[in-house]
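Here the structure comes first, spelled out in structure tokens, and everything after it is commentary.
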């Protein structure tokens with residue numbers, strides 16, 4: 001599903017060159033729930049931004065569903081993001097003046113979906129994430145956990161090939177974090193939704209099928225969780241071969 005080869009990303013800061021990615025090769029298979037972990041500055045969010053076409057690598061290639069996304073122009077990248085990718089951010093990124101349903105509308109409206117279909121689909125997806133009774137509430141009338149579930153519904157409304165989550169529990173307490181992770185796990189298992197999530201919390205590991213650990217812009221190790229909950233290491237880049 002995702003094949004990255006020798007990704008590098010160098011940011012120029014005056015005369016200083018900062019290498020956020022130093023040659024990352026990784027494969028992610030359809031239906032996996034993958035956690036990207038590592039200390040601050042390890043490159044985990046940069047890698048997620050590459051998967052989400054939110055930034056371009058300095059060098060290297062990325063194939064998503066067989067499409068060389070690095071070869072797409074800006075218009076094609078925008079359409080690819082809109083139609084195939086879903087995003088969940090740590091700060092929810094909801095429009096405060098819009099209700100839950102109206103926030104979920106936005107990606108569907110951008111795709112040109114008819115208003116009647118939008119209403120039906122948005123109601124269904126909000127019910128799926130446990131907010132069927134909060135459809136007409138504003139973000140300010142909801143808890144942080146509920147707002148994040150609205151953000152997840154918005155990310156799912158266009159039935160994305162890939163769901164990307166960047167520290168989605170960073171602003172939540174442990175109870176609401178577990179609600180969000182349980183929801184991700186349910187989406188992954190019941191709908192076979194492919195999910196890639198950045199996290200720094202060790203207890204989140206129990207939810208992931210595979211853990212990619214990063215350090216200094218490189219993949220330090222990869223671990224796969226077996227049916228019995230044990231984790232087994234694999235060489236970096238070996239998954240999906």
Check: If residue 158 satisfies every condition in (1) at pLDDT below 95; (2) touching a helix residue (DSSP H, G or I) at 6+ places or on another chain (Cβ under 9 Å); (3) closer than 26 Å to residue 79 by Cα; (4) not in a loop (DSSP other than H, G, I, E, B) but one, which is the exception?
Finding: (4)
Notebook entry, point to check: Do you know which residues across region 170-192 are outside any helix (DSSP H, G or I) and either touching a residue at least 40 places away in the same chain (Cβ under 8 Å) or surrounded by fewer than 16 Cβ atoms within 10 Å (Cβ to Cβ) (or both)?
Noted result: 170, 171, 173, 192
Next item on the list: Go through (1) touching a residue at least 40 places away in the same chain (Cβ under 8 Å); (2) out of contact with any strand residue (DSSP E or B) (no Cβ under 7 Å at 6 or more places or on another chain) one by one and return the number of the condition residue 118 breaks.
Entry: (1)
Item checked: Among (1) at pLDDT 95 or above; (2) over 16 Å from residue 162 (Cβ atoms); (3) more than 16 Å from the chain's Cα centre (by Cα) - the single one residue 37 does not satisfy -> (3)
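The values are calculated or read from the model by the stated rules, or taken from the named source; none is laboratory data. Since the structure is predicted, the reported quantities are computational estimates derived from the model, not experimental observations. Here the Cβ is made from the backbone with ideal geometry for all residues, glycine too, and neighbour counts use every protein chain on show.
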